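Below is one structure, written out as structure tokens; comments come after it.
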Amino acid sequence: MGPERIPRRKDEAVQEIRRARLEDHEAVVRVMPEWWADSRTPEQARQLTLLLPRLFFEHFSGTSLVMDGDDGMHGFLVGFHSADHPDEAYIHFVGVDPRRRKDGVARALYERFFEEATAAGRTKVKAITSPANTGSIAFHRAMGFDVHVPEPGYDGPGQDRVRFEKTL
């Protein structure tokens, strides 16, 4: 699929969803501390970049997406199709420019990912988040994901996670 142009309100610029590229890694990790500054300390926001090493852009750019607008990157979604579970796709990390929240950026990225996963024969999409991330939990529920109770120690001692699963 080629880029998808998504018209917004009449007074807004057109946004484009495109395939992620290796060179996007630098731009993404550069904006992450700023984009999460409203919900984390500067150190916590910086630590988020450790969850998105370059290897995701080297090995999963074909299934990851970036939304650009006239004024730069509006959002990104890093996801992949599972190598071990041929019916599953996984969304690892999503970010939206705080100035673009409530503009449908995340929804558009998710819907495009769902379309491409379906076209590739995937029937489920999974994701996880921290139990404290109530915004993410609400968003995934609104997107039709089943939200599972927090699983203690999912990512190691003290690293509880809420699991999401959506049937496509």
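The values are calculated or read from the model by the stated rules, or taken from the named source; none is laboratory data. Small disclaimer: the values here were computed from a predicted structure and weren't measured. Because the Cβ atoms are built from the backbone with ideal geometry, glycine has one as well, and the counts that use them run over all protein chains shown. Only protein heavy atoms, including side chains, enter the accessible area calculation; ligands, DNA and RNA are left aside. Shrake-Rupley method; radii C 1.70, N 1.55, O 1.52, S 1.80 Å.
Mind giving me the FRET efficiency for ALA120 and GLN44? R0 is 41 Å, r the Cβ-Cβ distance, nearest 0.05 is fine. Don't jump to the answer; show the numbers that get you there.
Numbers: r = 35 Å, r/R0 = 0.84.
Result of the calculation: an efficiency of 0.75.
When only Cα pairs below 8 angstrom with a gap of at least 6 residues are kept, region 47-134 shows a relative contact order of 25 percent.
The residue among ILE128, SER64, HIS140 whose Cα reaches farthest toward the positive pole of the charge dipole of the chain, with charges on the beta-carbon of Lys, Arg, Asp and Glu, is HIS140.
I need the calculated FRET efficiency for the pair ALA138 and ARG54, taking r as the beta carbon distance and R₀ as 35 Å, to the nearest 0.05. Please list the in-between numbers first.
On the way: r = 31 Å, r/R0 = 0.88.
The value I calculate is 0.70.
Here region 85-142 is treated with +1 on each Lys and Arg Cβ and -1 on each Asp and Glu Cβ, and its dipole about the Cα centre works out to around 280 debye.
Among the lysines of the chain, pairs that are 8 or more positions apart or on different chains and have alpha carbons within less than 23 Å of each other number 5. What region 1-153 shows is 54 Å² of accessible area per residue, with the surface traced by a 1.4 Å probe over protein heavy atoms. Note: relative contact order over the chain, using C-alpha pairs below 8 Å and six or more positions apart, is 16 percent.
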